[in-house]
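The block underneath contains the structure these notes are about, expressed in structure tokens.
The values are calculated or read from the model by the stated rules, or taken from the named source; none is laboratory data. In this text, all values refer to a predicted model and were calculated from it rather than measured experimentally. In this analysis, Cβ positions are derived from the backbone assuming ideal geometry, glycine residues included, and neighbour counts consider all displayed protein chains.
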């Protein structure tokens, strides 16, 4: 058996597999290409949580445009604001977005 085959056999026993990776078909590569193709210079991150998406597009894409993140939950917003404060082109807003201008309740899952 080849070395590659032996490694694959061991990995299968551990529950893993090796397959060829095409970086051009990865969802991050496609997203980066769309941002570049349409010359997007503003990202609205709705339901931003703690800012994971904004951090990802900065690091993975090198996105240099403006980011505006919206997060209604106060605990998550505090972490979001902490992350956004490190970036002069990233604003964090503590609110929810919707089709009407009103106050509303948010249901937070019990396993949260």
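Search region 29-51 for residues that are in contact (Cβ under 8 Å) with a residue 40 or more places away in the chain and pair each with any residue that is exposed (fewer than 13 other Cβ atoms within 10 Å of the Cβ) when their beta-carbon atoms are under 6 Å apart and the residues are at least 6 apart or on different chains.
What qualifies is 46/97.
Return yes when residue 75 is modelled with pLDDT of 90 or more, part of a helix (DSSP H, G or I) and in contact with a helix residue (DSSP H, G or I) (Cβ under 7 Å, 6 or more places away or on another chain) and no when it is not. Spell out how you get there, then give the answer.
Details: modelled with pLDDT of 90 or more: yes; part of a helix (DSSP H, G or I): yes; in contact with a helix residue (DSSP H, G or I) (Cβ under 7 Å, 6 or more places away or on another chain): no.
Answer is no for this residue.
On the basis of being out of contact with any helix residue (DSSP H, G or I) (no Cβ under 6 Å at 6 or more places or on another chain) and without any contact (Cβ under 8 Å) to a residue 24 or more places away in the chain, does residue 102 make the cut? Quick ask: steps written out before the conclusion?
Numbers: out of contact with any helix residue (DSSP H, G or I) (no Cβ under 6 Å at 6 or more places or on another chain): yes; without any contact (Cβ under 8 Å) to a residue 24 or more places away in the chain: yes.
When the stated conditions are applied, residue 102 passes them.
If you scan region 15-51, which residues turn out to be at negative phi, modelled with pLDDT of 95 or more and in a loop (DSSP other than H, G, I, E, B)?
38, 40, 41, 48, 50, listed by residue number.
Of (1) within 19 Å of residue 31 (Cβ to Cβ); (2) more than 14 Å from the chain's Cα centre (by Cα); (3) surrounded by 15 or more Cβ atoms within 10 Å (Cβ to Cβ), residue 48 satisfies all except one. Which?
(2)
Report yes if residue 54 is at pLDDT 95 or above, assigned to a loop (DSSP other than H, G, I, E, B), outside the structural domain of residue 23 (by TED's automatic domain parsing) and surrounded by 13 or more Cβ atoms within 10 Å (Cβ to Cβ), otherwise no. Break it down into steps so the answer makes sense when it comes.
Details: at pLDDT 95 or above: yes; assigned to a loop (DSSP other than H, G, I, E, B): no; outside the structural domain of residue 23 (by TED's automatic domain parsing): yes; surrounded by 13 or more Cβ atoms within 10 Å (Cβ to Cβ): yes.
Spelling it out, it is not the case that residue 54 is at pLDDT 95 or above, assigned to a loop (DSSP other than H, G, I, E, B), outside the structural domain of residue 23 (by TED's automatic domain parsing) and surrounded by 13 or more Cβ atoms within 10 Å (Cβ to Cβ).
Specify the residue that is nearest to the chain's Cα centre (by Cα); the eligible residues are those in region 84-95 that are more than 11 Å from residue 49 (Cα to Cα) and not in a strand (DSSP E or B).
Filtering first and then ranking leaves 84.
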